[in-house]
Each structure stands twice: as C-alpha cells, then as structure tokens.
Amino acid sequence: MNKIEVKCLASKGAVMPCYKTQGAAGADVCALLTEPVTIEPGAFAMIPTGLFFEIPQGYEIQVRPRSGLAAKNGITVLNTPGTIDSDYRGELKIILINLGKEAFVVKNGERIAQIIVSPVTLASFTITDSLSDTSRGEKGFGSTGV
C-alpha cells in the first residue's frame, strides 16, 4: 500500500478519502461546501474537497466519477479521468457536470468522486519521418467494427 500524505481541512468539515469496501480500487472523496451548489442540466461546477495531497514522484492520483451518481442522476466528472500530478500541492477540486434531465444539488459532505493512486510511466519522445506498418494503418474511429 502506498503512503500518501494528506492535508485535510477537517476543522472546516473536510473528510479524508475512504475506501468503502475491502476490494474497492477507488477511495471516495466528499464535497466541502459552506452552502449547497445546484448544477443545472448541461452545466458544470468546480466543487472543493478541502484535501491537499503530497503524491510521491512516479505516481499520480486519477479522479473518476462515482457510478451511483452517474446512473441515478447523470452526474459525472467533466475531465474523466482527471490527473493530479505529483508536484501539485493545491486543493483537490472536482469538476462535476450534470448530464441528467433535472437540476442536481451537491451538499456538504456528499461523496462526489473517487480517486485512484496509479504509477506513472514516462516516455522519451523522438522525431521520425516514418513509422512501422501495421494491418490497421491509419484507419481510425470504428475501423475495427462497432
């Protein structure tokens, strides 16, 4: 298990990330709000969490939607998956978008997303004038079937 240092504004009501089951890959994160935020259909909002992370070099935190919010309300994370880099020290804020048909109210302490700690593989990019051939070639979207 990786150790992640977390500055948590618990005195203001922030909640530490939490794995809800033994087999959970994602730890739930909660909203830290002074008042509820209403997200109208088609709109998005940046929701603070009161959490700040010290992520070890060579790792990232990925921010992903909660399946229950998506299935029941059409609420998802706009930049899925969001990446929190190891050198970022600011507050984790979640960009929620309402793809549902009704306004959604985000309340203080509500579980709004999940985070996954993941290793990062860096690449060395080099310029070339040609690439190797493959059977797929330049065929793109839908070229292998629906």
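Some notes on this structure:
- Residue within region 71-79 that is open to solvent by less than 30 Å² (accessible area, probe 1.4 Å) and under 25 Å from Thr121 (Cβ atoms) present: yes
- Looking across region 37-50, just one residue is exposed (fewer than 13 other Cβ atoms within 10 Å of the Cβ) and under 19 Å from Glu91 (Cβ atoms), and that is Met46.
- Residue list for region 11-38, filter: in contact (Cβ under 8 Å) with a residue 40 or more places away in the chain, out of contact with any Asp or Glu (no Cβ under 7 Å at 6 or more places or on another chain) and not in a loop (DSSP other than H, G, I, E, B): Ala27, Asp28, Val29, Val37, Thr38
- Candidates Ser118, Ser143, filtered to the one that is open to solvent by less than 40 Å² (accessible area, probe 1.4 Å) and over 22 Å from Ala10 (Cα atoms): Ser118
- Looking only at region 121-135, and only at residues there that are farther than 16 Å from Gln62 by Cα and of a type in the set (Ser, Thr, Tyr), the one that is surrounded by the most Cβ atoms within 10 Å (Cβ to Cβ): Thr134
- Residues that are outside any loop (DSSP other than H, G, I, E, B) and of a type in the set (Ser, Thr, Tyr) within region 66-124 comprise Ser67, Thr76, Thr83, Ser118, listed in sequence order.
- Apart from one condition, Ile97 fits all of (1) in contact with a Phe, Trp or Tyr (Cβ under 7 Å, 6 or more places away or on another chain); (2) within 24 Å of Ala10 (Cβ to Cβ); (3) of a type in the set (A, V, I, L, M, F, W, C); the exception is (2).
The values are calculated or read from the model by the stated rules, or taken from the named source; none is laboratory data. Quick caveat: nothing in here was measured; it's all calculated off a predicted structure. Cβ sites come from the backbone with ideal geometry, for glycine too, and all protein chains shown count toward neighbours. SASA here: full protein model, heavy atoms, side chains in, ligands and nucleic acids out. Shrake-Rupley method; radii C 1.70, N 1.55, O 1.52, S 1.80 Å.
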